[in-house]
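To keep things clear, I will list the structure first and then write my remarks on it.
The values are calculated or read from the model by the stated rules, or taken from the named source; none is laboratory data. Fair warning: this is a prediction, and the values are worked out from it, not measured in the lab. Backbone-built Cβ (ideal geometry, glycine too); neighbour counts: all protein chains shown. Just the protein is used for accessible areas: all its heavy atoms, side chains included, with ligands, DNA and RNA removed. Shrake-Rupley method; radii C 1.70, N 1.55, O 1.52, S 1.80 Å.
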Number of protein chains: 2
Amino acid sequence: MDTPDPEIVRTWLLDYQESVIAEMHAVDPKLAFGADRWQRPGGGSGVSCACSGGDVLEKAGVNFSDVHGIQLPASATAARPELAGRPFRAMGVSMVMHPRNPYCPTSHANIRFMAVGGPGESVWWFGGGFDLTPYYGFAEDAVAWHRAAEAACAPFGAHLYPKYKEECDRYFYLRHRHETRGVGGLFFDDFSEGGFAKAFGFAQSVGKAYAPSYAAILRKRRDTAYGERERQFQLYRRGRYVEFNLLYDRGTVFGLQSGGRTESILMSLPPLVRWEYNWQPEPGSPEARLTEYFLKPRDWLNEGA
Amino acid sequence: MDTPDPEIVRTWLLDYQESVIAEMHAVDPKLAFGADRWQRPGGGSGVSCACSGGDVLEKAGVNFSDVHGIQLPASATAARPELAGRPFRAMGVSMVMHPRNPYCPTSHANIRFMAVGGPGESVWWFGGGFDLTPYYGFAEDAVAWHRAAEAACAPFGAHLYPKYKEECDRYFYLRHRHETRGVGGLFFDDFSEGGFAKAFGFAQSVGKAYAPSYAAILRKRRDTAYGERERQFQLYRRGRYVEFNLLYDRGTVFGLQSGGRTESILMSLPPLVRWEYNWQPEPGSPEARLTEYFLKPRDWLNEGA
């Protein structure tokens, strides 16, 4: 039988949340994740796990939420306007890691499940993905990240990696800066290919690929020496992360507009951020190379190395 | 004659920009404003004057722009959808000051003029206002600020201050935080009351009230002793300023969407900002009093003292 079962997804997501926290804890034993359990007045609940002040991660957040309502907001279904106003249940795990060392990239991942009921057949889908935002770029890290993305997709069809790699580049794009947020990864939505069991398997595979890939990069870069120049550049570049999340990110904007838990939604924002009017990196510097080379859509599997 | 004359407005706005810079320079002689002249590919130009590293102001920006186009974007005329698609000219001066001392408030002001041509009669209006965002609240500062606002409006009608004071409270409101951005001031738009000469006079009167009122507060608070606690609270509260500008501010969002000059638009963002998950001020502290008392709409003219 291939009947969609939200309870199975919920159980897996809660386990998944714990597994990501455990993986980050293995990299950075000083991390002490709290767990805030919250209720949504409109229906549903969540567990927000956050911490700051680790040795490797300056700030980390891994959020689980499972909310429902009697009327799906129109803004939640840009692709399927006919579903607006129907009862829904949306659940997911979302995480963002802001490392201390500027040579370590920031990363984000999300796995979510949506079920929409009401008149006619019920509709459901998975969404999610992961993406990497370096301050100082390393082609080998981007290549390894995309190889892991490709490997996670492969068992479910060779068409999936190129499709969702491209969607990731398109989604995490700052139009007002003409740059991508980072070196990309995967971004999928409205995914129900092959029925519930297979689609759930795909979402799980993507989810499971995230933390080990990211942990490997953290282990490689965490001890790179840096000074005030790199730290200041990191704080400056974190401004772009804020700009993306508050101007473009659908999850953030929709969450805040629909009365989501503000502190959980904005957990994604970096701990310390700097803006400087009209700052330009020195030509030929690693800081200039970030935007010139890394923050453009690239076929990473055939790049660098 | 009472024919609207954009050139007179332009000339006044350029003088006004210089007068605000001069007023800030008198408070903080270390401020060294640069002047970046830019052209807009779609039509128009501007002068962005920014500086950072003053003794009193950590970052300051005073922008002039005068842009035109053949099709007014729909997002620019929420109140008058029938004007979308017509030729337009939009000019204004916009300024934001981020002080160093946490006992000094941040302030923002804007004076703008819009003319829309095309078939039928031409349409024009003024917009603008000013508002104050304290980190540590002082009722006497809020009262003085609102008295200056009232005095600027008075010669043009007793109905204007209450009306635009209320619009300011409504506009500078962070729904996801249930708090106002600051203690308000004035916010007006679509203003053409009494014809061009009178409406222009009102816009000038509001504009001229801003810098002296703000300078008086800076002079009063600039030497207040503070420590790490106050500095950290200031950086934390600056996060709210970023949230408002990127999530809600129509000028910012419209400017970025319509291909405005990104660095000029985002000059409003604070120099250094901090986010901390679920931080709560100590009950009864001045930090708690900010949100509990100051960041709610209040009838400041009859308050405090």
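Apart from one condition, B:THR3 fits all of (1) touching a Phe, Trp or Tyr at 6+ places or on another chain (Cβ under 6 Å); (2) farther than 28 Å from B:PRO99 by Cα; the exception is (1). Sub-6 Å Cβ pairs linking a first residue in segment B:209-229 that is outside any helix (DSSP H, G or I) to a second residue that is open to solvent by 20 Å² or more (accessible area, probe 1.4 Å), at least 6 apart or interchain, are B:THR224/B:TYR103, ordered by first then second residue. One residue stands out among those in segment B:256-269 that are more than 7 Å from chain A (Cβ to nearest Cβ) and open to solvent by less than 20 Å² (accessible area, probe 1.4 Å): the one that is nearest to B:SER48 (Cα to Cα), which is B:SER264.
Within segment B:95-108, the presence of at least one residue that is touching a Leu at 6+ places or on another chain (Cβ under 8 Å) and of a type in the set (S, T, N, Q) is confirmed. Is it the case that A:GLN204 is among the polar types (S, T, N, Q) and more than 14 Å from chain B (Cβ to nearest Cβ)? Yes: the conditions hold for A:GLN204. Residues considered: A:ALA211, A:ALA203, A:ALA199. Of these, the only one that is touching a Ser or Thr at 6+ places or on another chain (Cβ under 6 Å) and crowded, with 17+ Cβ neighbours inside 10 Å is A:ALA199.
Can you spot a residue in segment A:280-299 that is at the interface with chain B (Cβ under 10 Å from one of its Cβ atoms), touching a residue at least 40 places away in the same chain (Cβ under 8 Å) and not in a strand (DSSP E or B)? For segment A:280-299, residues at the interface with chain B (Cβ under 10 Å from one of its Cβ atoms), touching a residue at least 40 places away in the same chain (Cβ under 8 Å) and not in a strand (DSSP E or B): absent.
Each residue in segment A:127-151 was checked for being closer than 15 Å to A:PHE191 by Cα and in a helix (DSSP H, G or I), and 0 of them qualify. Within segment B:83-98, can one find any residue that is away from chain A (no Cβ under 14 Å), touching a strand residue (DSSP E or B) at 6+ places or on another chain (Cβ under 6 Å) and among the hydroxyl-bearing types (Ser, Thr, Tyr)? Checked segment B:83-98: no residue is away from chain A (no Cβ under 14 Å), touching a strand residue (DSSP E or B) at 6+ places or on another chain (Cβ under 6 Å) and among the hydroxyl-bearing types (Ser, Thr, Tyr).
In summary, A:ASP55 fulfils each of the numbered conditions (1) more than 14 Å from chain B (Cβ to nearest Cβ); (2) under 21 Å from A:TYR214 (Cβ atoms); (3) in a strand (DSSP E or B) with the single exception of condition (3). Can you tell me which of B:VAL273, B:VAL242, B:VAL253 is in a strand (DSSP E or B) and either within 8 Å of another protein chain (Cβ to nearest Cβ) or on the phi > 0 side of the Ramachandran plot (or both)? Among B:VAL273, B:VAL242, B:VAL253, only B:VAL273 is in a strand (DSSP E or B) and either within 8 Å of another protein chain (Cβ to nearest Cβ) or on the phi > 0 side of the Ramachandran plot (or both).
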